Amino acid sequence: MDFIRIAGPAAEGVIMASGPVMSPETQPDSALTKKPGLALNTAYEAKYGANSRSQFAGHSYDAFEVLKRVMPVALKTAQAGHAGIPRGDPPGAADREAKSRRARASTTSPKRTATASTTARASS
């Protein structure tokens, strides 16, 4: 929307791809995208101002609508702890965990490492 205002006459002849959320008002009443597009744009423009609609807000809205429909089904059929991913640690996980443990130990207890001189004093 802002592109045409900013570009002015230079926008003449430009072809842009956009989804139906950018102009649901121009869609026929039978279009399945009209009602949700109008609802999104009404709420979005109420919060962010007139003509602030965004194609990306439409994508986010669509993704959330999909999640609202599939999550109840997934929660009924899913098995705890299983997402279709093979069990076991990903490659390198053990190395990363060991490195992380060493880093935590060196920052939380700097005096844990005994040197030869401290060991000799402790045993005398």
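Values in this text are rule-based calculations from the coordinates and carry no lab data. Keep in mind it's a predicted model, so treat the numbers as computed, not measured. Reconstructed Cβ throughout: ideal geometry from the backbone, glycine too, with neighbour counts over all protein chains shown.
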Q. Which of the residues that make up the stretch 8-26 are outside any loop (DSSP other than H, G, I, E, B) and among the acidic types (Asp, Glu)?
A. Glu25
Q) Would you pick out the residues in the stretch 1-37 that are more than 17 Å from His59 (Cβ to Cβ) and either in contact with a strand residue (DSSP E or B) (Cβ under 8 Å, 6 or more places away or on another chain) or surrounded by 14 or more Cβ atoms within 10 Å (Cβ to Cβ) (or both)? A) Gln27, Lys34
